[in-house]
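Accompanying notes for the structure given below.
The values are calculated or read from the model by the stated rules, or taken from the named source; none is laboratory data. The model shown is predicted, which means the values in this text are computed figures rather than measured ones. Counting neighbours? That spans all protein chains shown, and the Cβs are built from the backbone with ideal geometry, glycine included.
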Amino acid sequence: MRLRRIPGTRERIRQYAPWLVEEPQQWQGRWQEYIAGRLETTPTPVERKEIHLELGVGRGRFINQMAQEQPQHFWIGAELREEVLLTAIERAEKWQAPNLAFLWIDIETTTDIFAHGEVDAIYLNFSDPWPKDRHAKRRLTHRRFLDRYRQYLKPGGKIHFKTDNRDLFDFSLEEFKENGFSLEAVTFDLHKDPNLSSYDLSARVMTEYENRFSQKGQPIHRCIAVLP
């Protein structure tokens with residue numbers, strides 16, 4: 001669904017410093033310095049904060065809650081659509097989790113923003129399924145994007161993937177396997193999975209979209225892809 005552009009949205013987003021990272025390319029390879037500045041600490045290897053990156057934050061319910069519940073990590077949310085990004089940042093302003101920042105970017109540019117091994121985990125929540133075959137390369141689990149994630153996800157790093165689209169899920173499982181990722185916690189109906197309580201917290205924290213559709217009984221598919 002295309003969002004209606006609201007006049008003044010861009011100006012309002014830029015009013016919410018420090019939540020928005022301007023010119024994030026300058027921090028490539030130096031994100032621990034940025035994090036230390038945000039948290040007003042001195043960066044040391046011992047105190048390194050894991051970086052957890054959500055690509056496509058939507059209205060920000062998921063990343064704001066995760067930042068609240070896992071203050072030991074630093075959470076970065078990337079979003080291009082300005083109307084939903086504004087909502088996510090307004091939520092951050094209300095919740096005041098200091099371990100959270102947003103990037104107003106096209107996901108294609110993330111390889112210019114993060115250095116090799118700099119990101120510990122990636123979250124893809126209800127990405128656009130791009131159902132037509134001719135648009136397959138636009139899917140965020142297509143090998144074209146997996147090659148990008150490989151450039152900055154650390155060895156052993158994980159991609160947490162959720163969708164309600166079975167065709168996209170089947171496609172993604174094959175893409176992960178064919179591109180050298182191992183799979184964990186694969187489920188085709190997350191919220192009815194008897195093992196749900198044993199999964200990591202991100203499996204149980206819902207996006208707005210997920211909450212709405214799971215209440216209607218629509219199955220949610222989820223897996224974790226692990227980079228060797």
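Each residue in segment 71-86 was checked for being in contact with a Lys or Arg (Cβ under 7 Å, 6 or more places away or on another chain) and crowded, with 19+ Cβ neighbours inside 10 Å, and 2 of them qualify. Just so you know, in segment 136-191 the residues that are closer than 18 Å to PRO219 by Cα and among the aliphatic types (A, V, I, L, M) include one that is surrounded by the fewest Cβ atoms within 10 Å (Cβ to Cβ), and it is VAL186.
Filtering segment 8-22 to residues that are outside any helix (DSSP H, G or I) and either modelled with pLDDT under 90 or over 21 Å from the mean Cα position of the chain (by Cα) (or both) leaves GLY8, GLN15, TYR16, ALA17, PRO18.
Of all residues in segment 200-227, those satisfying the criterion of being assigned to a helix (DSSP H, G or I) and crowded, with 20+ Cβ neighbours inside 10 Å are SER202, ALA203, GLU210. Restricting attention to segment 40-58 and to residues that are of a type in the set (A, V, I, L, M, F, W, C) and modelled with pLDDT of 90 or more, the residue that is farthest from ALA97 (Cα to Cα) turns out to be LEU55.
Looking for whichever is within 14 Å of the chain's Cα centre (by Cα), within 18 Å of HIS52 (Cα to Cα) and not polar (S, T, N, Q) here; the options are ALA97, ALA115, ALA101, ALA92. Which one fits? Just a single option satisfies the conditions, and that option is ALA101.
Scanning segment 114-140 for residues that are in contact (Cβ under 8 Å) with a residue 40 or more places away in the chain and either within 12 Å of PHE171 (Cβ to Cβ) or of a type in the set (Lys, Arg) (or both) returns SER127, LEU140. Taking residues in segment 189-215 that are in contact (Cβ under 8 Å) with a residue 40 or more places away in the chain, and partners anywhere that are acidic (Asp, Glu), the pairs with Cβ atoms closer than 6 Å and at least 6 places apart or on different chains are PHE213/ASP164.
Considering GLU174, GLU178, GLU184, the condition of being acidic (Asp, Glu), modelled with pLDDT of 95 or more and within 23 Å of ILE63 (Cβ to Cβ) is satisfied by GLU184 alone.
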